[in-house]
Amino acid sequence: MPEENYLEPYSLDLAAGLPRMAAAPTTPRQQLRYTRILKAAAGFAQRQYDTVSLSDVALRAHVPLGTLFRYFPSPAHLMLAVYRQQLRELGSGHAKPVRLGREKRIDQIPRDSQPPLGVRNALTGVLMEIFHLRVMQPAVEHCLTRSSHSWDGDIPELLREIDALTESVVVSVINDAGRARILLHTVSGLVQLVRCRRLSLFDAEKDLKNACALLAESPTSL
């Protein structure tokens, strides 16, 4: 008897094939539901990926499971969409940090005529937020760090969009794509060191601040 093609609810194996994500809604009522889904899912992002259930998110968001599944066919789609929305909010200056720290928020620092110290503080603020979003949201980080070759359907497109969006957020502060990529690679490395407990959160934050201080300087002064 042939084996049934069965996809477990929490599996990251998308080889069985899933429907593509529906486009973001355009009508006010649908947009309200879409927003509720993402807000509800943000709470699940702080869990381990294997505990994220679409039915639980739908229940918390007060939307039919079919509606949620149309936009987000798997927990991976949903977690990456949550992170994408957080990056959009960070870029627009309306981000809500996962944890509070001593660093100033990027939207608390005027962008017009920023002195060098202001640029450094702004850069540190935005990189710290990206770092904390990844460290404090294991379900999101799990999806970000899985090999792209093992994904199917919309996931590679989502990951490319997230990479471009993350870079644009940092470039908007430092105005240098090369240094922005270096800093984002630094964030990725520090997140992994914290997750495997080879570096404390405090030391990782200190190292990230030092990296921002070094790379916030203009290229001619390096």
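Read-outs throughout are calculated quantities, based only on the coordinates presented, and are distinct from any laboratory measurement. Just so it is clear, the structure is predicted and the values come from calculations on it, not from any experiment. Virtual Cβ from ideal backbone geometry, glycine too; neighbours counted across all protein chains shown.
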Within 12 Å, Cβ to Cβ, of residue 21, how many net charges do the neighbouring residues add up to if Lys/Arg are +1 and Asp/Glu are -1? 0
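What is the local net charge at residue 81, summed over the other residues whose Cβ is closer than 12 Å to its Cβ (Lys, Arg +1; Asp, Glu -1)? Could you put the intermediate results ahead of the total?
Numbers: positive: 39, 84, 88; negative: 154, 157, 161.
Residues close to residue 81 contribute a combined charge of 0.
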Formal net charge of residues neighbouring residue 62 (Cβ-Cβ distance under 9 Å; K, R +1; D, E -1): +3
What is the Cα centroid distance between the stretch 137-204 and the stretch 13-64, reported in whole angstrom? 22 Å
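Quick check on packing: order 133-140, 83-90, 64-71, 193-200 by the mean number of other C-beta atoms within 10 Å, highest mean leading. Walk me through the numbers before you get to the answer.
Numbers: 133-140: 21.9, 83-90: 19.2, 64-71: 15.5, 193-200: 12.9.
By packing density, highest mean first, the sequence is 133-140, 83-90, 64-71, 193-200.
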Kindly put 154, 56, 163 in sequence by how many other C-beta atoms sit within 10 Å of each C-beta, fewest to most. 163, 56, 154
